[in-house]
Amino acid sequence: MTAPGRSITTEGFNHVAISEQCLFIHRQQGWRWRHFTVRSRRSVDIERVFPDAAVQVDAGTDYRYRAWIDRERVAAKIADSIRSIDYSNFKNTVAERDRHDAYMKVWSAMYAYQSQEPHKRNSRKE
C-alpha cells in the first residue's frame, strides 16, 4: 500500500491522491461492471497500491496506464488508506520532487478556481 505516514485524500471517490501515487477511478460499464477501472499517468502508481494488477499500457486514451480491479478490493484499499491518515499537511508528505511539483500545480489551479467564487460567510452545519 503506502509507507507509514503516507496516506490518502479523496474527492468524490474518483480522483485519489496518495502521497506516493495518484489514481483515477471509475466504474466500468458492460461486462466489467463488478470492477473499477483504475487509471494513472505512471504505471508505478497502480503497481504500488495493487502489486498484482495486470496494468495495460497505451490503451489509446489520455491515461497511459489502466487496470480493471474488483470493486470491493479497490474500496477496501481506499478505506484502509483513509483510516491510516496521520498527517496535517498532505503536500509535506510527498517525497518525490517531480510528483510534489505536479501536485502543487494542481493545488495552485484549484486555489485559483476557488478564488473565483464569491466569498461566503462560514455557514457550517453540524
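The values are calculated or read from the model by the stated rules, or taken from the named source; none is laboratory data. Bear in mind the structure is a predicted one, so any value in this text is a computation, not a measurement. Please note that ligands, DNA and RNA were not included when accessible areas were found on the heavy atoms of the full protein model with its side chains. Shrake-Rupley method; radii C 1.70, N 1.55, O 1.52, S 1.80 Å.
Observations, loosely collected:
- Among the protein heavy atoms, those of E72 account for about 130 Å² of accessible surface (1.4 Å probe, every chain in place).
- Shown are S115, S19, S84, whose ranking by accessible area with a 1.4 Å probe and every protein chain present, most to least, is S115, S84, S19.
- Kirkwood hydrodynamic radius of region 38-100, from inverse mean 1/r over distinct Cα pairs, in Å: 13.3 Å
- The accessible area of H100, taken with all protein chains in place and a 1.4 Å probe, comes to roughly 40 Å².
- Exposure check, 1.4 Å probe, all protein chains in place: I69 carries approximately 10 Å² of accessible surface.
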